[in-house]
Amino acid sequence: MSRAATRFFLTPSTRLPNPLLFPKRRRPPPPCTGATRASFAAMAASGLGGGEAFRLSASAGAGAGALKLFKGDITVWSVDGATDAIVNAANERMLGGGGVDGAIHRAAGPELVQACRIVPEVKPGVRCPTGEARITPAFKLPVSRVIHTVGPIYDMDRQPDVSLNNAYTNSLKLAKENGIQYIAFPAISCGVFRYPPEEASKIAVSTAQQFSKDIKEVHFVLFSDELYNIWRETAKEMLPQVEK
Ligand code: AR6
């Protein structure tokens, strides 16, 4: 028997349980729309925590324009692999780095840095100036695209609030232009760039609100309990919450 053929054979000790003897327990479906249900299922499968949902606009119908909060590693996030994108907190060179940038490049594989390398430089060593955004394929990541943006270095930027607003806004604009329906952000600039997370969360939520008609769901994937709780408090203050 060829090696390929043996892959499809199960020995008695590895045989799967008979589904008639071990039926799957059925749970009632959660009371939410198809899109919402799909994204919650995808997040639960990927092992991300949290999952609180808010409406981005008081006037939008159920399921449209949602903001969701998750806890964990953004590189495992995906919704459908076709109209979804994660955002990378990159630097102006766009050739990788530490933090979430390093994690995204490791998970995407070496093709990502090659794709970044061919993004034209706007001046020597700068492919994406602070506050702007660029898009690439996502390679081995489970999403369709990576949007790279550069947030401000809090202590060095003259107007860090304007730059952070631009980073979120330009990422969302680029998502819209590329037909992205589901987008996930990390806490841009809240790591080595030292942006105070309470202030950053207000900018993040308010820019997401402005795209409530353009993007189905804006997600934030926060890496620590502390950040998750800050984003949750801000979302609760600014948006109506919806039941899971
Ligand atoms: N998933 C989600 N969030 C993460 C992950 C992850 N896998 N890893 C880290 N974070 P940072 P910045 C969080 O420093 O402040 C890079 O070297 C982290 O806890 O990654 O915008 C770039 O190349 C923090 O809350 O990005 C730049 O030079 C947030 O992501 C520079 O860092 C952002 O932290 C950008 O600095």
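The values are calculated or read from the model by the stated rules, or taken from the named source; none is laboratory data. The shown structure was predicted, so the numbers you read here are calculated from the model rather than taken from an experiment. For neighbour counting, all protein chains shown are included, and Cβ atoms are generated from backbone atoms with ideal geometry for every residue, glycine included. Heavy atoms of the whole protein, side chains included, go into the accessibility calculation; ligands, DNA and RNA do not. Shrake-Rupley method; radii C 1.70, N 1.55, O 1.52, S 1.80 Å.
Among residues of segment 87-106 being more than 6 Å from the ligand (Cβ to nearest atom) and in a helix (DSSP H, G or I), the one that is farthest from Val126 (Cα to Cα) is Arg106. For segment 135-155, the tally of residues that are within 19 Å of Val205 (Cα to Cα) and part of a loop (DSSP other than H, G, I, E, B) stands at 4.
The C-beta contact set for segment 165-181 (first residue over 22 Å from Ser78 (Cβ atoms), second residue among the basic types (Lys, Arg) and surrounded by fewer than 18 Cβ atoms within 10 Å (Cβ to Cβ), distance under 7 angstrom, 6+ apart or interchain) is empty. Could we say that Ser59 is open to solvent by 60 Å² or more (accessible area, probe 1.4 Å), among the hydroxyl-bearing types (Ser, Thr, Tyr) and away from the ligand (no atom under 12 Å from the Cβ) here? So Ser59 passes the test.
Pairing residues of segment 140-162 that are closer than 16 Å to Gly102 by Cα with residues that are charged (D, E, K, R) and more than 12 Å from the ligand (Cβ to nearest atom), at Cβ distances under 6 Å and at least 6 apart in sequence or on separate chains, gives His148/Arg134. Among the residues of segment 143-155, those that are within 13 Å of the ligand (Cβ to nearest atom) and open to solvent by 30 Å² or more (accessible area, probe 1.4 Å) comprise Ile153, Tyr154, Asp155. Of all the residues in segment 114-126, those that are open to solvent by less than 50 Å² (accessible area, probe 1.4 Å) and more than 12 Å from the ligand (Cβ to nearest atom) number 4.
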